[in-house]
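Everything on this sheet refers to the single structure shown next.
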Amino acid sequence: MTSPVLVEGLHKTYSGVPAVAGLDLEIHAGEVFALLGPNGAGKTTTVEVLEGFRRRDGGRVEVLGEDPQSAGLDWRQRLGIVLQSSRGLDLLTVREALASTAKVYRQPRDVDEVLEWVGLGEKRDARTASLSGGQRRRLDVGMGIIGRPELLFLDEPTTGFDPRARRDFWALIAGLAGDGTTIVLTTHYLDEAEQLADRVGVIAGGRMLTVDTPAQLGGRHAQEATVSWREDGGVRTLSTAEPTAEVARLAARFGGEVPELVVARPTLEDTYLRLIEPHAVSVERPVVEEVAR
Amino acid sequence: MSLAAIAVDRTVLELKMYFRERESVFFSFLFPVLMLSLFAAVFGDSFRQGGSELSAAQFFLPGMIAGGVMLTSFQTLALSVSMERDDGTLKRLRSTPMPPVAYFLGKVGLVAATSLAQLALLLVVTRLVFDVSLPTEPSAWLTFLWVFLLGVGGGTVLGIAYSTVAGSARSAGAVVIGPLLVLQFISGVYFAYGDIPAWLQQVAALFPLKWVAQGMRSVFYPSAMQTQEVAGSWEHPLTALVLTLWLVAGLVLSARTFSWFKRGSV
């Protein structure tokens, strides 16, 4: 089976300024792939090229076996896109919005089943204007999956959610992924990528810095762990490659519970920030400021 | 689903949205009949007592039909398309396998349904409430047909083209409603065209509304009244020419400028 997304040496320049400069990417069938990267890194441009909204200047791009630049409506039958903006449709009811979207697909899912699935069954006759941010986003996902897409793009799906809504949303996406839909997720939330993604790609400076599983990104699994506890009225911390042995030693010394014991690995966020740090400086900070330091 | 079925679905959706929005119902659908009723109530028979052949309702009917044509076509589309571009609706539609032409057919269906319903309402109210007799000769209704079709068609494509000028939804209201209101005042919708200063008449003559209004007067006024027109006649050939030119210009402009994406976003 060929990969649903295949990108080689993608280039895109805006009035002389390169936004994407030689980006490679391969997304496997059935996986959830998270694209991370700071603002201005080329993330949005890349996704919009994949979605067929933007023309590229160079490189090879294949999405579901076709070039998005020349692919037609048959190609869009197999695609689901949940855009970043979540406005419009105010005057329609939830069911009307979903049903009208279903009509343009050849083999849509059942509208009422999807409504139940995204948790909007009770809101079916409510105007979309009356939905909360989280509910509105679930409607967007409903519209994105109503056509049984093989590949689903989710662009910053949980921005502005409260923690509860975000957990519910994650469960919804995990369910979709379990059905074999390939999902491309862009997000600024590292915990979201860690929760949902099989693999994570970090984009900075218009290139793919690294691609790995969330647990192994940037050698995260091999890095030293931090062990901390309370002793003599202060918090003591040490880094170690053998946290289990260290905890055993502490337990023996305290003769039981170690007060406020914490064992931590570098979070995905720590690793991510370390990865993009050099690029953030070279790409975004003006030269003058560097000289002034 | 076939294109036709999708287009019908889009039309139904457009009509639902149109009639659920109080502003559009009031300011584009009901406005002409409300204004006509208001003028007829205020002026009553005073026009006749002043020596006119026409009652106030009869006098204002052609102008209100012409104004209504521009409201339901041009104003409705310029506002709705610019808003849908601004709030991302157009981009979302473009991301689905909906044939793009279905969107435009839905808009055409909306304009056709609302302008016909508005016309019917205007005619029924003038006939039944204000006791104005309507023309019976087929030739008058034939004239009506082509003026109405050219007016609505031109307003539709020009509204879609103008949506690009209107820009963001926040500014669209002022940019669309303002100029159209001025145009209504100088094109013989609210005042007799002959009472307007010559230079304003010439400005108005550049735009389609003046010609739709004049064409409608030729349908609903006694034919003897054409001597009171500025040109001394109904100018049917020139009317057809100007309206056709605007229709073609609107088609070309809307085809060349239409975008599914907000400016600067893609």
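The values are calculated or read from the model by the stated rules, or taken from the named source; none is laboratory data. The structure displayed is predicted, hence computed values, not measured ones. When we count neighbours, we look across all protein chains shown, and the Cβ atoms used for this are built from the backbone with ideal geometry, even at glycine.
Evaluating A:Ala126 against the criteria (1) of a type outside the set (Phe, Trp, Tyr); (2) at the interface with another protein chain (Cβ under 9 Å from one of its Cβ atoms); (3) more than 30 Å from A:Val20 (Cα to Cα); (4) surrounded by 14 or more Cβ atoms within 10 Å (Cβ to Cβ) leaves one unmet condition, (2).
Of the candidates A:Leu152, A:Leu176, A:Leu172, the single residue that is among the hydrophobic types (A, V, I, L, M, F, W, C) and closer than 15 Å to A:Arg136 by Cα is A:Leu172. When the stretch B:217-256 is filtered for residues that are farther than 17 Å from B:Leu150 by Cα and assigned to a helix (DSSP H, G or I), the ones remaining, listed by number, are B:Phe220, B:Ser223, B:Ala224, B:Met225, B:Gln226, B:Thr227, B:Gln228, B:Ala255, B:Arg256. Does A:Glu269 qualify as being acidic (Asp, Glu) and either under 24 Å from the mean Cα position of the chain (by Cα) or modelled with pLDDT of 90 or more (or both)? Against the criterion (acidic (Asp, Glu) and either under 24 Å from the mean Cα position of the chain (by Cα) or modelled with pLDDT of 90 or more (or both)), A:Glu269 qualifies. When we screen A:Gly144, A:Gly119 for residues that are farther than 24 Å from A:Leu64 by Cα, in contact (Cβ under 8 Å) with a residue 40 or more places away in the chain and of a type outside the set (Ser, Thr, Tyr), the only hit is A:Gly119.
Yes or no, residue by residue, for (1) within 14 Å of chain B (Cβ to nearest Cβ); (2) farther than 23 Å from A:Thr159 by Cβ; (3) crowded, with 20+ Cβ neighbours inside 10 Å; (4) among the small types (Gly, Ala, Ser):
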site: A:Ile27; (1), (2), (3), (4): no, no, yes, no
site: A:Gly40; (1), (2), (3), (4): no, no, no, yes
site: A:Val49; (1), (2), (3), (4): yes, no, yes, no
site: A:Glu96; (1), (2), (3), (4): yes, yes, yes, no
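Condition (residue is surrounded by 21 or more Cβ atoms within 10 Å (Cβ to Cβ) and at the interface with chain B (Cβ under 9 Å from one of its Cβ atoms)) applied to the stretch A:62-70: is it met by at least one residue? No, the conditions are met nowhere in the stretch A:62-70. Exactly one residue out of B:Phe31, B:Phe26 is crowded, with 17+ Cβ neighbours inside 10 Å, in a helix (DSSP H, G or I) and either modelled with pLDDT of 95 or more or among the aromatic types (Phe, Trp, Tyr) (or both), and it is B:Phe31. A Cβ distance below 7 Å, combined with a sequence gap of six or more or placement on separate chains, defines the contacts here; from the stretch B:90-107, residues that are within 8 Å of another protein chain (Cβ to nearest Cβ) reach residues that are among the β-branched types (Val, Ile, Thr) and outside any helix (DSSP H, G or I) in the pairs B:Ser95/A:Ile81; B:Thr96/A:Val104; B:Pro97/A:Val104; B:Met98/A:Val104.
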